[in-house]
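Trainee: First the structure, which I've put down as C-alpha cells, then a few questions once you've had a look.
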Amino acid sequence: MGSYIEEYGKLWDYVEEIKTSNLGSTIILKSCVDNSNKINYFARFYVCFDTLRKRWLGGCKKILGIDGYFLKGICKGILLVAVGRNGNNQMFPIA
C-alpha cells in the first residue's frame, strides 16, 4: 500500500480513532527520536479494548497467559499478546 514508514506514520491517527470509537480502551503508543536526524520513529504499541477487558473480568477464568511471535519481515520485532481462558477453556484475547 505504500512504504512502511508512511504506514507507521498513520499509527497516531489509528490511536485517535480507537479513542473516539472505543471509549474506555487503553492505548499507549511510544516513539523515539533519532537525535542525529531529528526523526521521530515508532518504538512500541499497546492496546486493550474496553469490551475485551470487561468480558474477561466478567466471565473468564482469572488466569493470564502471554504468547509471543518474532516478526521476521521487513520490520523486525516481537509481537506479544495477553490471553485468558473463557468458560469453554478457549483462548480469549485481552491485550
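Where a number appears in this text, it was derived from the coordinates with a stated rule and is not lab data. Computed from a predicted structure; not experimentally measured.
Trainee: With axes computed from alpha carbons, what is the tilt in degrees of helix 11-21 against the longest principal axis of the chain, rounded to the nearest 10 within 0 to 90?
Mentor: 40 degrees
Trainee: On to the next question. State the volume of the convex hull built on the alpha-carbon positions of the chain, expressed per residue in Å³ and rounded to an integer. Intermediate results must be reported in sequence, preceding the final value.
Mentor: Details: hull volume 12.9 nm³, N = 95.
Convex hull of Cα atoms, per residue: 136 Å³.
Trainee: Let me ask another. Taking H placed 1.01 Å from N in the peptide plane, check which residues at least 5 places from Gly77 or on another chain put their amide H under 5 Å from its amide H.
Mentor: Long-range HN contacts for Gly77: Leu71.
Trainee: In a solvent-free Debye calculation with one equal scatterer on each Cα, what is log10 I(q)/I(0) for the range 1-49 at q = 0.20 Å⁻¹, listed in the order of the q values?
Mentor: -0.74
Trainee: How fast does the range 51-95 diffuse by Stokes-Einstein, in µm²/s, taking the Kirkwood radius from C-alpha pairs at 10 °C and 1.306 mPa s? Intermediate values should be presented prior to the final figure.
Mentor: On the way: Rh = 11.5 Å.
In µm²/s, the coefficient rounds to 138.
Trainee: Rounded to the nearest 500, what is the 222 nm mean residue ellipticity of the chain from helices alone, with -39500 (n - 2.57) per DSSP H run of 4+ residues and division by all residues?
Mentor: Numbers: 3 runs with 27 residues, N = 95.
Computed mean residue ellipticity for the chain: -8000 deg cm²/dmol.
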